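Contents: one structure, followed by commentary.
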Amino acid sequence: MKILVLQHLAVEHPGSFRDLWAEAGHEWLAVELDAGERIPPLGGFDLMVSMGGPMDVWQTDRHPWIAEELAAIRTWVCDMGRPFLGICLGHQMLAEALGGRVALMDAPEVGLAPVDLTPDGRADPLFSGFGRALETFQWHGAAITALPDGATVLAANPACPTQAIRWGRHAYGLQFHVEITPTTVADWQAIPEYAASLQSALGQEGAATLSERLAPRLPDFAGTARRLHDNLGRIATPLASLR
């Protein structure tokens, strides 16, 4: 497959998915929208992946490229019927692009947190092979507050009732991060907006020890990423053959 990656911050790249894509023989192109790079013609790609970022979907005045990305997602998902995966901000972009709403949370959700699969999630091919719940890594201060028509909630927790969604049979969004690497916390802590949400959510001591607490969980997150990657491949490959 040929994968188009929409990035909104250099350090919020596809993380561990990069190795999985290389292992599977996929090609991928990253477009750094916050650096002024433009979205290329969509016709040559099989999968679109939209990553996270410190901005919010409604900040189109400050980040004009957000409107361009929302339009590209609508075209990709609705008009072209191609497979999509959004992570964190990308998850929110999917909802916003299709008519849903995103708003600030009462408090940011940062760190390790369990997420429960809904009955729809347990039956969905993206989560094939998972149990009823999975441990996740979170770092967000906004959430989907109204689903677009045709969307289904696949996972939830008390902090955020829209932790994973599906639109149609081919477009997925994950509020949580499964692509994390050993440098993720340090890389993201260097971003002022992320540092502020980290301190707000966990306090000074919790923020200082987050990387240490995450480290022993990295093999489990790598396994989660691999299983989601493999499941998504089984969903996307038949659609890729129709391109």
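The values are calculated or read from the model by the stated rules, or taken from the named source; none is laboratory data. Owing to the predicted nature of the structure, the values given are computational and were not obtained by experimental measurement. We place every Cβ from the backbone using ideal geometry, glycine too, and count neighbours over all the protein chains shown. These accessible areas exclude ligands, DNA and RNA; they are computed on the full protein's heavy atoms, side chains included. Shrake-Rupley method; radii C 1.70, N 1.55, O 1.52, S 1.80 Å.
In table form, for the structure just shown:
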{"read-out": "Hits in region 14-29 - residues which are touching a residue at least 40 places away in the same chain (Cβ under 8 Å) and part of a loop (DSSP other than H, G, I, E, B)", "value": "Pro14, Gly15, Ser16"}
{"read-out": "Qualifying residue in region 138-147 (condition: surrounded by fewer than 17 Cβ atoms within 10 Å (Cβ to Cβ) and over 22 Å from Glu12 (Cα atoms))", "value": "yes"}
{"read-out": "In region 191-207, the residues that are of a type outside the set (Asp, Glu) and open to solvent by 80 Å² or more (accessible area, probe 1.4 Å)", "value": "Pro192, Gln199, Ser200, Gln204"}
{"read-out": "Scan of region 216-239 for residues that are under 17 Å from Val178 (Cα atoms) and either open to solvent by 50 Å² or more (accessible area, probe 1.4 Å) or not in a helix (DSSP H, G or I) (or both), ordered by number", "value": "Pro216, Arg217, Pro219, Asp220, Ala222, Arg226, Arg227, Asp230"}
{"read-out": "Pair list, Cβ under 9 Å, 6 or more apart: region 102-115 residue open to solvent by less than 20 Å² (accessible area, probe 1.4 Å), other residue among the basic types (Lys, Arg) and not in a strand (DSSP E or B)", "value": "Gly111/Arg213"}
{"read-out": "Residue that is least open to solvent (accessible area, probe 1.4 Å) [pool: residues in region 167-190 that are under 30 Å from Arg234 (Cα atoms) and charged (D, E, K, R)]", "value": "Glu179"}
{"read-out": "Residue selected from region 30-50 under the condition aliphatic (A, V, I, L, M) and without any contact (Cβ under 8 Å) to a residue 60 or more places away in the chain, by the criterion most open to solvent (accessible area, probe 1.4 Å)", "value": "Ala35"}
{"read-out": "Condition check for Thr162: farther than 19 Å from Phe127 by Cα, surrounded by 18 or more Cβ atoms within 10 Å (Cβ to Cβ) and polar (S, T, N, Q)", "value": "no"}
